[in-house]
Amino acid sequence: MFTLLKNILLISLSLTNKEFINKHNSENHSYLVGENNFINHTYIDEYNKINHHIFVSNDNPVIINFTDLNKESVNWRKRYKVSSVKNQGECGSCWAFSSVGAVESAWAIKHNILYNLSEQELIDCSSENNGCEGGSMVKAFQYITENGLCSNISYPYTAEDEQCNNTCKSLVQISNYSDIIPNQEKMLMRAVQHQPVSVAIQANKRSFQMYKSGIYSDPDCGFELDHGVLLIGYGYDKKYDMDYWIIKNSWSESWGENGYIRIQRNINDSRGLCGIAMDPSIPII
């Protein structure tokens, strides 16, 4: 299990956050930062509330080796295979949003029906995970393999740990789940050509939390995986002459580029920026 820094800053960083934004945007970066729901909090304190604890499981039954690589860009939103951006609130449930998003998209690709599925069911009923205290995307896939998954309407999100009440009717079932060969960005590109991919990243940097637009390229973004997100594509930006990944986050549409972030692709490290290539996985319909 990965945990973030536990020390809480003793002074408010509200003004410091604004100064950080002004300073960063006055410099020559490939991305802008701006005010959002993190602005009036110490960035360590607030992040600990909503995103701590992603843990990685290595017990997957299969590892898929994708071989084809022929698309210059991929964006599953443009093919209407990605559900709307959601908001996890003050609950460390990013793992559930990442895994649910991957299942929603995989089902839509195969059956041409895009459901809005229940993160809360995973929080309450996936006993191998820890609800709002964190979890693993592959353990979420394991639960869905065994139990299916209900709609968000029939099992709505509360952003709290509740008792399991899986009497709702499951809409989807997955047959299996798989790791993607780690630490290979080209393999990750091949995988996302087939379907959106659950990935874990390090996201506790203030530059990440305050991200507004552009291609995130902070070289200090590390490899201590603490946040689950959904990789839905990749591309190239002529303005910055930079390759990028497209990531769907779970911090609401008011964060980033309408809830998304583009981060730099093809860095000089096999783990990828923020560790994006370290622990990718997918559901199999």
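The values are calculated or read from the model by the stated rules, or taken from the named source; none is laboratory data. Bear in mind that the values here come from a model prediction, so they are computed numbers and not experimental data. Methodologically, a virtual Cβ is constructed for each residue, glycine included, from the backbone with ideal geometry; neighbour enumeration extends over all protein chains shown.
If you take the residues of segment 55-79 that are modelled with pLDDT of 90 or more and part of a loop (DSSP other than H, G, I, E, B), which of them is farthest from Y260 (Cα to Cα)? Before you say what the answer is, go through the steps one by one.
Within segment 55-79, the subset modelled with pLDDT of 90 or more is 72-79.
From the residues that got through so far, the ones that are part of a loop (DSSP other than H, G, I, E, B) too are 72-73.
On the way: E72: 20, S73: 16 Å.
In this case the residue turns out to be E72.
Residues in segment 132-160 that are under 20 Å from K86 (Cα atoms) and without any contact (Cβ under 8 Å) to a residue 40 or more places away in the chain: C150, S151, N152, I153, S154, Y155, P156, T158. If you filter segment 80-127 down to residues that are assigned to a helix (DSSP H, G or I) and in contact with an Asp or Glu (Cβ under 8 Å, 6 or more places away or on another chain), you find that the one that is farthest from A200 (Cα to Cα) is D124. Within segment 72-95, track down each residue that is in contact with a helix residue (DSSP H, G or I) (Cβ under 7 Å, 6 or more places away or on another chain) and closer than 16 Å to N116 by Cβ. Those that are in contact with a helix residue (DSSP H, G or I) (Cβ under 7 Å, 6 or more places away or on another chain) and closer than 16 Å to N116 by Cβ: W76, K81, V82, S83, K86, Q88, S93. Selection of first residues in segment 255-271 that are at positive phi and of second residues that are charged (D, E, K, R), restricted to Cβ pairs under 8 Å at least 6 apart or on distinct chains, gives the following pairs, ordered by first then second residue: G256/K212; G259/K248; G259/E253; N266/E185; N266/D243. Scanning segment 196-214 for residues that are surrounded by 22 or more Cβ atoms within 10 Å (Cβ to Cβ) and closer than 22 Å to E72 by Cα gives P196, V197, S198, V199. If I filter segment 88-103 for residues that are buried (at least 16 other Cβ atoms within 10 Å of the Cβ), of a type in the set (G, A, S) and at pLDDT below 95, do I get at least one hit? Taking every residue of segment 88-103 in turn, at least one turns out to be buried (at least 16 other Cβ atoms within 10 Å of the Cβ), of a type in the set (G, A, S) and at pLDDT below 95.
Starting from segment 23-45, take each residue that is part of a loop (DSSP other than H, G, I, E, B) and surrounded by fewer than 16 Cβ atoms within 10 Å (Cβ to Cβ) and list its partners that are of a type in the set (K, R) and modelled with pLDDT of 95 or more, counting only C-beta distances under 9 angstrom and pairs at least six apart or across chains. As it stands, the answer is G34/K212; E35/K212, since those pairs meet every condition given.
Taking segment 256-277 on its own, how many of its residues are among the hydrophobic types (A, V, I, L, M, F, W, C), assigned to a loop (DSSP other than H, G, I, E, B) and within 13 Å of the chain's Cα centre (by Cα)?
Of all residues in segment 256-277, those among the hydrophobic types (A, V, I, L, M, F, W, C) come to 261, 263, 267, 273-274, 276-277.
In the following step, the residues that additionally are assigned to a loop (DSSP other than H, G, I, E, B) were identified as 267, 276-277.
Next, from what is left, pick out any that are within 13 Å of the chain's Cα centre (by Cα): 276-277.
Of the residues in that region, 2 qualify.
If you scan segment 102-139, which residues turn out to be small (G, A, S), out of contact with any Phe, Trp or Tyr (no Cβ under 7 Å at 6 or more places or on another chain) and on the phi < 0 side of the Ramachandran plot? Please lay out each step first, then the result.
First, the residues of segment 102-139 that are small (G, A, S): 102, 105-106, 108, 118, 126-127, 131, 134-136.
Filter again for out of contact with any Phe, Trp or Tyr (no Cβ under 7 Å at 6 or more places or on another chain), leaving 102, 106, 108, 127, 131.
Within segment 102-139, A102, A106, A108, S127 qualify.
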